[in-house]
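What follows is a single structure, written as structure tokens, with notes after it.
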Amino acid sequence: MTANEFSEDKFEKADLSSTASPQRHSFTVDVEEWFQVGAFENTFSTEDWPTLESRVVLQTRNILELLKKYKIIGTFFCLGWVAERAPSLIKEIADAGHEVGCHGMAHQRLFTMSREEFRNEVRASKELLEQASGQSVLGYRAPSFSLTPNVWWVYDELKEAGFKYSSSLYPVKTDHYGLATAPRQPFYPAGRDGILEIPLTVCDMPFKRLPASGGGYFRLLPYFLSKYLLSKGAEQASSPSIFYMHPWEMDLGQPYVAEAPWLSRFRHYQGQAQLPLKLIKLFNAFQWDSMENIYADLLQED
């Protein structure tokens with residue numbers, strides 16, 4: 001499928017009657033190092049990574065402690081790169097009762113890989129995560145939400161690798177990612193016998209569609225607006241919302257990358273000090289669970 005051939009009406013929507021209340025939202029974390037983010041991809045090369053300070057264990061433990069305090073269960077989409085170097089962290093996540101999902105091997109955008117390259121890297125990362133966690137890995141999230149119609153074969157590869165669902169599409173167009181014409185509700189991108197795609201949450205406003213799933217937007221926007229977008233987005237789609245964040249987003253001790261472009265620095269560092277308090281408000285405002293738990297009935301279907 002190409003971008004020109006893509007249209008929302010081609011796909012079968014999932015029956016969400018078994019997911020209970022749409023007010024039960026998914027809390028998700030994309031587990032990656034601070035230097036592996038898209039904002040710094042033109043500043044650091046993969047060859048630089050081994051020379052940079054690793055902080056992902058410290059950062060992720062901070063999130064785990066906060067979730068434990070407020071009794072929140074979530075889904076952690078982890079890089080195979082992290083699992084290879086810190087398998088004990090993956091086990092900590094699983095032992096705390098959270099779902100472990102796959103975020104690929106090394107945060108490489110999907111459209112930069114061949115089908116064979118993707119097949120090899122996603123299977124390798126899935127195996128690393130399952131060995132470290134001791135649990136089956138059912139879910140996948142594409143790095144930088146880079147699943148586009150031009151690489152729609154990814155869904156077939158995910159099914160063949162043993163995944164049950166993906167959460168890789170953001171139905172909004174930004175300067176960094178997004179597919180505005182993607183369905184807002186969970187759907188079957190490769191037919192009913194394929195895996196389930198659970199898109200990120202967006203909110204239609206009178207002037208435009210806005211991202212509502214967290215990330216940098218949650219740090220940059222006032223809390224009341226983020227809460228409204230998340231709640232309204234769930235209502236508009238009649239579907240549970242998804243919130244996502246990264247471990248580095250509330251680490252004030254991480255290195256400052258002065259050589260990165262100013263916009264990249266702004267997006268990466270702004271709002272980190274206020275994030276813990278915002279998260280606590282969010283935890284108290286909604287019911288939260290892992291994606292595996294919310295969509296359990298759909299994921300058990302053959």
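The values are calculated or read from the model by the stated rules, or taken from the named source; none is laboratory data. Keep in mind the model is a prediction, meaning the values are calculated, not measured. Methodologically, a virtual Cβ is constructed for each residue, glycine included, from the backbone with ideal geometry; neighbour enumeration extends over all protein chains shown. Protein only, heavy atoms only, side chains kept; ligands, DNA and RNA dropped before computing areas. Shrake-Rupley method; radii C 1.70, N 1.55, O 1.52, S 1.80 Å.
A compact table of results
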quantity	calculated
Positive dipole terminus of the chain, leading residue within 229, 145, 17 (C-beta point charges)	229
Assigned charges on the beta-carbon of Lys, Arg, Asp, Glu; the range 168-231 dipole about Cα centre (debye)	200
Whether the chain is rounded, prolate or oblate, judged on the alpha carbon gyration tensor where a/c under 1.5 counts as rounded	rounded
Spatially near lysine pairs across the range 92-249, Cα under 27 Å, sequence gap of 8 or more or different chains	9
Relative intensity, log₁₀ I(q)/I(0), of the range 188-289 from a Debye sum that treats every alpha carbon as a point, q = 0.13, 0.17, 0.22 Å⁻¹	-0.57, -0.86, -1.16
Nearest-20 debye value, the range 118-235 charge dipole, Cβ charges on Lys, Arg, Asp, Glu	400
Calculated Rg and Dmax of the range 153-223 using C-alpha coordinates, Å	13.9, 42
Probe 1.4 Å, protein heavy atoms only - accessible area per residue of the range 182-302 in square angstrom	43
Karplus-derived HN-Hα couplings along the range 69-78 (A = 6.51, B = -1.76, C = 1.60, θ = phi - 60°), whole Hz, x at Gly and Pro	4, 9, 6, 9, 10, x, 10, 10, 7, 10
Distant-in-sequence amide H partners of residue 288 (H built 1.01 Å from N, under 5 Å)	25
Estimated [θ] at 222 nm from DSSP helical runs (n ≥ 4, -39500 (n - 2.57)) normalised by residues in the chain, nearest 500	-9500 deg cm²/dmol
Rg/Rg_globular for the range 241-302, with Rg_globular taken as 2.2 N^0.38 Å and Rg from C-alpha atoms	1.58
HN-Hα J in Hz across the range 133-149 - Karplus 6.51, -1.76, 1.60, θ = phi - 60°, x for Gly and Pro	8, x, 10, 5, 9, 9, x, 9, 10, 5, x, 6, 6, 8, 7, 10, x
Antiparallel bridge percentage (DSSP; both residues within the chain; nearest 5)	20
Table column - 3J(HN,Hα) (Hz), the range 103-114, Karplus curve with 6.51, -1.76, 1.60, x for Gly and Pro	10, x, 8, 9, 6, 8, 4, 4, 6, 9, 10, 6
Given charges at Cβ of Lys, Arg, Asp, Glu: the range 118-223 dipole, positive-most of 170, 210, 158	210
For the range 254-285 and the range 165-179, distance of Cα centres in Å	21
Cα-centre dipole for the chain with unit charges at Cβ (Lys and Arg positive, Asp and Glu negative), debye to 20	1140
Length-normalised contact order of the range 20-144 in % [C-alpha pairs under 8 Å, at least 6 apart]	27
